[in-house]
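Here's the structure, in structure tokens; my notes come after.
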Amino acid sequence: MKFMKQAFILANRAKSHDDVPIGAVIVRDGKIIARGENQVQYKKNPTLHAEIVAINRACKKLGTKFLDDCDIYVTLEPCAMCATAISFARIKNIYFAATDEKGGGITSNARIYETDRHLWRPSVHQVPEYADESAQMLRDFFALRRKKQ
């Protein structure tokens with residue numbers, strides 16, 4: 001799955017500037033139209049998760065607020081903030097690698113699409129063949145961070 005591989009490249013870029021290694025790509029008609037990596041530490045902004053960065057770039061590129069003909073590929077299950085932004089942007093499909101038991105907003109924790117309050121519910125797909133790679137990248141990142149402290 002070439003789009004998930006691109007998301008992993010972005011996750012590594014996030015790691016290079018001491019951000020949690022999460023990457024996202026937005027795809028339309030089989031082509032990547034926007035990329036994003038976590039930039040929370042880099043830009044000192046708690047809202048700059050990979051998904052939000054990618055959504056902002058896609059909307060700017062297409063000149064629209066709705067991405068209903070787009071899919072998003074993310075290395076980790078989106079948090080509640082990102083899952084809500086994905087809903088507001090009306091993204092068609094979410095593909096994610098690893099689940100996030102602590103902060104996941106879709107299948108693990110908040111489960112925001114299970115309420116009646118979301119007007120737009122994307123189709124959600126886990127890509128299990130990338131789950132171990134994503135989880136290991138995150139474990140390694142946080143182990144190194146704890147070691148530095």
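The values are calculated or read from the model by the stated rules, or taken from the named source; none is laboratory data. All values reported here derive from a predicted model rather than from experimental measurement. Here the Cβ is made from the backbone with ideal geometry for all residues, glycine too, and neighbour counts use every protein chain on show. Ligands, DNA and RNA are stripped out before the accessible areas are found, and what is left, the full protein with its side chains, is counted by its heavy atoms. Shrake-Rupley method; radii C 1.70, N 1.55, O 1.52, S 1.80 Å.
Odds and ends about this structure:
- Residue match in the range 126-148 (condition: open to solvent by 30 Å² or more (accessible area, probe 1.4 Å), assigned to a strand (DSSP E or B) and either more than 18 Å from residue 35 (Cβ to Cβ) or modelled with pLDDT under 95 (or both)): yes
- The number of residues in the range 81-121 that are under 12 Å from residue 68 (Cα atoms) and either surrounded by fewer than 22 Cβ atoms within 10 Å (Cβ to Cβ) or of a type in the set (Asp, Glu) (or both) comes to 7.
Every residue, every condition in (1) at pLDDT 95 or above; (2) assigned to a loop (DSSP other than H, G, I, E, B); (3) within 13 Å of the chain's Cα centre (by Cα); (4) not charged (D, E, K, R), yes or no:
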{"site": "32", "(1), (2), (3), (4)": "yes, no, no, yes"}
{"site": "51", "(1), (2), (3), (4)": "yes, no, yes, no"}
{"site": "66", "(1), (2), (3), (4)": "yes, yes, no, yes"}
{"site": "74", "(1), (2), (3), (4)": "yes, no, yes, yes"}
{"site": "91", "(1), (2), (3), (4)": "yes, yes, yes, yes"}
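So that you can scan it fast, the table gives a plain yes or no per residue for (1) open to solvent by 70 Å² or more (accessible area, probe 1.4 Å); (2) of a type in the set (Phe, Trp, Tyr); (3) touching a Ser or Thr at 6+ places or on another chain (Cβ under 8 Å):
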{"residue": "3", "(1), (2), (3)": "no, yes, no"}
{"residue": "20", "(1), (2), (3)": "no, no, no"}
{"residue": "30", "(1), (2), (3)": "no, no, no"}
{"residue": "42", "(1), (2), (3)": "yes, yes, no"}
{"residue": "46", "(1), (2), (3)": "yes, no, no"}
{"residue": "53", "(1), (2), (3)": "no, no, no"}
{"residue": "60", "(1), (2), (3)": "yes, no, no"}
{"residue": "71", "(1), (2), (3)": "no, no, no"}
